[in-house]
Amino acid sequence: MNPKQIAAEKAVEYIQDNMIVGLGTGSTAYWAIQSIGARVKAGLRIRAIATSVESQNLAQELGIPLVSFTEIDEIDVTIDGADEADMNLQLIKGGGGALLREKIVAAASRKLIIVVDESKLVQQLGRFDLPVEVVPFGCEMTLRKLDRLGSTVHFRTANGERFLTDNGNYIADCSFGRIDDPGQLQHHLNNIPGVVDHGLFLNMADLVIAGYSDGNVKEF
Ligand code: 5RP
């Protein structure tokens, strides 16, 4: 079994009958959704809310009942991936471009479980370029402001076009190098008007589950 699948299947053990479950996005969350789908088929009764159109489509294919925020007050548990996780459970997310919906769902969750393979565990955040979601209007100005924060920035592309998020925005991938003070960076990013949100998920995760290539799984 691959390490992403190992971590995802361990996380799914936290799901119980009647829970509202947040479904993450990406290749690790994929395994969690597959495993939830198998449990639903076997009789587990849950309702789920997805963090992307991709995960929503997968959940529908697997017969996982979906709800929207109009029908619920809070989410019991969300299982999502990450691009980096440090030992204080601080994260960089958004490699798949779903960071805004992921953060909304995470913030509505009583428990956020992050599933990763061992390659995502870091001493300090910053090796992975920080994804920042920006509105198209004035995006060149927003990019200059991100640049002035000390990063090397470029718009993400897909098939030769600017990548569009599920919300119709762009992603600016920002290379800050080692991030010494994530809280301060978050503060600066939140103060740029064209920035919708960013991939720093600070003090949000309750548990990180890491899968290892030797078959081990560890919880932090
Ligand atoms: C998507 C995300 C993903 O959770 C993150 O990119 C990790 O993806 P993967 O599990 O495919 O490595 O934040 O926006």
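The values are calculated or read from the model by the stated rules, or taken from the named source; none is laboratory data. Keep in mind that what you see is a predicted model, and the values were worked out from it rather than measured. Here the Cβ is made from the backbone with ideal geometry for all residues, glycine too, and neighbour counts use every protein chain on show.
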Within 15 Å of the ligand (Cβ to nearest atom) and modelled with pLDDT of 95 or more, is that true of I92?
yes
Residues to consider are G22, G37, G96; find the one that is under 10 Å from the mean Cα position of the chain (by Cα) and within 27 Å of K218 (Cβ to Cβ).
G96
Looking at D147, D180, D166 in this structure, which one is touching a Ser or Thr at 6+ places or on another chain (Cβ under 6 Å), farther than 23 Å from E118 by Cβ and not in a strand (DSSP E or B)?
D166
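Table: residues versus (1) under 17 Å from K103 (Cβ atoms); (2) touching a strand residue (DSSP E or B) at 6+ places or on another chain (Cβ under 7 Å).
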site: F176; (1), (2): no, yes
site: P182; (1), (2): yes, yes
site: P193; (1), (2): no, no
site: G199; (1), (2): yes, yes
site: I209; (1), (2): no, yes
Of all residues being among the polar types (S, T, N, Q) and within 17 Å of the chain's Cα centre (by Cα) in segment 164-201, which is farthest from T51 (Cα to Cα)? Just the residue, please.
Q186
Among residues of segment 105-153, those that are among the β-branched types (V, I, T), farther than 30 Å from V67 by Cβ, away from the ligand (no atom under 14 Å from the Cβ) and surrounded by 15 or more Cβ atoms within 10 Å (Cβ to Cβ), counted:
2
